[in-house]
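Trainee: Sharing a structure below in structure tokens format, with a few things to ask.
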Amino acid sequence: MNVRVQLFSRLKEIANAGAVQVEVPEGATVRELLAELYRRFPAFRSWDESILVGAGVEFVGREYVLQASDDIAIMPPVQGG
């Protein structure tokens, strides 16, 4: 299954892309998606403990099962001042 992943903030800069396509098996979880992204972009791993993942307009956990129609967004926590 091919999943479109939107990247934001520092992750977008690291990947040098606003979105990437990731091939995952049917029934894959966010945890498996992140593992593939960490393989492609090792610098993402430093954000692992604080990374936020959204499916559509909802934040989801690492055990969320991906659907082919999901629009996944991955971002570090929002910072401001």
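Trainee: All other residues with a Cβ under 15 Å from the Cβ of residue 72 taken together, and with Lys, Arg as +1 and Asp, Glu as -1, what is their net charge?
Mentor: Details: positive: 4, 12, 31, 40, 62; negative: 23, 32, 36, 58, 63, 70, 71.
For residues surrounding residue 72, the net value is -2.
Trainee: To continue, here is another question. Once you have a ≥ b ≥ c as the square roots of the Cα gyration tensor eigenvalues for the range 23-81, tell me rounded if a/c is under 1.5, and otherwise prolate or oblate according to whether a/b is larger than b/c.
Mentor: Numbers: a/c = 2.27, a/b = 1.28, b/c = 1.77.
It comes out oblate by the Cα gyration axes.
Trainee: Another question, if that's okay. Work out how much length residue 19 to residue 71 would gain on full extension: take 0.36 nm times their residue separation and subtract the Cα-Cα distance, in nm to one decimal.
Mentor: Working: separation 52, 0.36 × 52 = 18.72 nm, distance 1.05 nm.
Taking 0.36 nm per residue and subtracting the Cα distance, the gain is 17.7 nm.
Trainee: Roughly what % antiparallel, to the nearest 5, for the DSSP beta bridges in the chain? Mind dumping the intermediate values first?
Mentor: On the way: 12 of 16 bridges.
Around 75 percent of the beta bridges assigned by DSSP in the chain are antiparallel ones.
Trainee: Which whole-number percentage describes the relative contact order of the chain, with Cα contacts under 8 Å and a sequence gap of 6 or more? Walk me through the numbers on the way to the answer.
Mentor: Details: 128 pairs, mean separation 32.6, N = 81.
Across the chain, relative contact order equals 40 percent.
Trainee: Once phi is turned into ³J(HN,Hα) by the Karplus curve 6.51 cos²θ - 1.76 cosθ + 1.60 with θ = phi - 60°, what whole-Hz value does each residue of the range 44-59 show in order, with x for glycine and proline?
Mentor: Karplus-based 3J(HN,Hα) across the range 44-59 equals 4, 4, 5, 9, 3, 5, 10, 5, 10, 10, x, 10, x, 10, 10, 6 Hz.
Trainee: Rounded to the nearest 0.05, what FRET efficiency do residue 59 and residue 39 give with R0 = 22 Å and r taken as the Cβ-Cβ distance? Could you check? The partial results should precede the final answer.
Mentor: On the way: r = 23 Å, r/R0 = 1.06.
Result of the calculation: an efficiency of 0.40.
Bear in mind these aren't lab numbers, they're just calculated from the coordinates by the rules spelled out. All values derive from a computational prediction rather than experimental measurement. Cβ: placed from backbone, ideal geometry, glycine included. Neighbour counts: every protein chain shown.
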